[in-house]
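Structure record follows, encoded as structure tokens.
The values are calculated or read from the model by the stated rules, or taken from the named source; none is laboratory data. As the structure is a prediction and not an experimental result, all values here were calculated from the model. All Cβ positions, glycine included, derive from the backbone under ideal geometry; neighbour counts span all protein chains shown. Surface areas here come from the heavy atoms of the whole protein model, side chains and all, with no ligands, DNA or RNA. Shrake-Rupley method; radii C 1.70, N 1.55, O 1.52, S 1.80 Å.
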Amino acid sequence: MTILTIESTCDETAAAVISDTGSVLGECVATQESLHEKFGGVVPEVAARAHVERILPVIDTALRQADVTGEQLDAIAVADRPGLAGSLLVGVVAAKTLAVAWKKPLVSVNHLHAHLYACQLSVDYSVYPCVGLVVSGGHTSLYHCTSPLDLQYLGGTIDDAAGEAFDKVGAMLSLGFPGGPAVSRLAVSGDPTAFDYPRSMLHDRSYRFSFSGLKTAVRYSIAEPGVKDFSQLQIDDQTKADVCASFQAAVVDVLVAKSARAVDEYHAQHLIVGGGVAANPVLRDALQVAADKQGFGLVIAPMKWCTDNAVMGAIALEKIKRGQFAELDLDITAGLQRGF
Ligand code: KG4
Ligand code: ZN
């Protein structure tokens, strides 16, 4: 069996061709970072238009790499939730059109569940049952997972997502977009104890997270209250690095403590971690330290599959095994509400 997977939930247009064993036969990701950089964040309308331009060439590239024609596919999978409405629509319309043209069944994919499936794809044993942490630009969510498709939502952010906080701190320090990779690079030369930023909800017994207070604390540590134009701030390089390292330490402390507590409470053997922020080296190291100390197995998505990609859409194979196909009237679910 060979399937085509399509991903266009936010600002990456991606497609992959995957065999029934999960091997990647072809893969293509077109990023839009340069288009959104001047706005300091993803502009939904710009993202949707860019997806329209890129989606067919991206699919074509993945198929060519795999040396597979549309007719030879067994199914077409597409991420239909959650994400930006305009972005999701482009992928879903493309998938439905190709499904009709090539007479193939359609499979819908939950983008957050797919982020976690990137972990299962990277190992040759089952990670289930486990606790799953998704840390992306739009979500910070903890789940108890009994299979790739059976996930119980334990809690998530009540305001900014972890990646969103990284991006906003990056923007305050004029580090470009997306801020996450830039903040983590600069943090390497900073002192994580230089600023005593809050660890919000660290001791709250729920699995809720909050990062907006931390973001505000960073804001007041670098500028006087009235300042609105952060691009004019004169902050020396060492202070910037210290801010990045201290902010990152606060995010990592909370993510690690709550995930480790969930593993303990649910008697899970494994913790799996996916999403763009899972590429953060300090988070990866801190999770490993917690795993070694507490004695659970840790599977973090490989670096190349942390940020948005279509390979993680291989979770569609699990749905196919269960006979869960989508109808041609499949609609998008933007799902901006929490608890997804
Ligand atoms: O999963 P993803 O590609 O998109 C969403 O589904 O949202 O995640 C993108 C997020 C961005 O906020 C980006 O700044 C963050 O992941 N990110 C990082 C790092 N690399 C990407 N955050 C912290 N450290 C990193 N190294
Ligand atoms: Zn994502």
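Across region 202-340, the convex hull enclosing all Cα atoms gives 193 Å³ per residue. Overall shape: oblate for region 40-138, with the ratio a/c of the largest to smallest alpha carbon gyration tensor axis at 1.5 or above and b/c at least equal to a/b. Counting only whole DSSP H helices of the chain, the ones at least 18 Å long by C-alpha along their axis and with mean Kyte-Doolittle hydropathy no lower than 0.5 are 85-102. Based on Cα contacts under 8 Å between residues 6+ apart, the chain shows a relative contact order of 23 percent.
With R₀ fixed at 45 Å, the C-beta to C-beta distance from residue 253 to residue 49 puts the FRET efficiency at about 0.70.
Comparing 70, 170, 323 in a Gaussian network model of the chain (Cα springs below 10 Å), the most mobile by mean-square fluctuation is 323. Dipole orientation for region 158-295: of the candidates 181, 276, 171, 276 has the Cα lying most toward the positive pole (charges on Cβ; Lys, Arg +1; Asp, Glu -1). If R0 equals 56 Å, the separation of the Cβ atoms of residue 239 and residue 71 corresponds to a calculated FRET efficiency of about 0.40. Measuring r between the beta carbons of residue 329 and residue 174 and using R0 = 41 Å, the FRET efficiency lands at 0.35. Ordered from highest to lowest accessible area with the whole protein assembly present and a 1.4 Å probe, 37, 327, 12 read as 327, 37, 12. Working from Cα pairs under 8 Å separated by at least six residues, relative contact order for region 1-159 is 20 percent.
Across all directions, the average projected area of the convex hull around the alpha carbons of region 33-76 is 4.0 nm².
The slack in the chain from residue 284 to residue 21, taken as 0.36 nm per residue of separation less the alpha-carbon distance, amounts to 92.0 nm.
The charge dipole of region 126-300, taken about its Cα centre with unit charges on the Cβ of Lys, Arg, Asp and Glu (plus for the first two, minus for the last two), comes to roughly 220 debye.
Across region 68-192, the volume of the C-alpha convex hull divided among the residues equals 178 Å³ per residue.
In this label model, residue 267 and residue 189 are separated by 5.1 nm, measuring between points 7 Å along each Cα→Cβ vector.
Per residue, the convex hull spanned by the Cα atoms of region 209-283 measures out at 111 cubic angstrom. Only beta bridges with both residues in the chain are counted; by DSSP, about 60 percent of them are antiparallel. Maximal additional length on extending the residue 100-residue 206 stretch stands at 33.6 nm, based on 0.36 nm per residue less the C-alpha distance. For the residues 91, 313, 41, a GNM of the chain with alpha-carbon springs under 10 Å puts the largest fluctuation on 41. Entry for region 126-300 at q = 0.18, 0.20 Å⁻¹: log10 I(q)/I(0) = -1.08, -1.29, Debye formula applied to identical alpha-carbon scatterers, no solvent contribution. Comparing 269, 232, 72 in a Gaussian network model of the chain where C-alpha atoms under 10 Å apart are linked, the largest mean-square fluctuation is found at 232. If you wrap the chain in the convex hull of its Cα atoms and look at it from every side, the mean projected area works out to 16.6 nm².
Once all protein chains are placed together, residue 172 keeps about 20 Å² accessible to a 1.4 angstrom probe.
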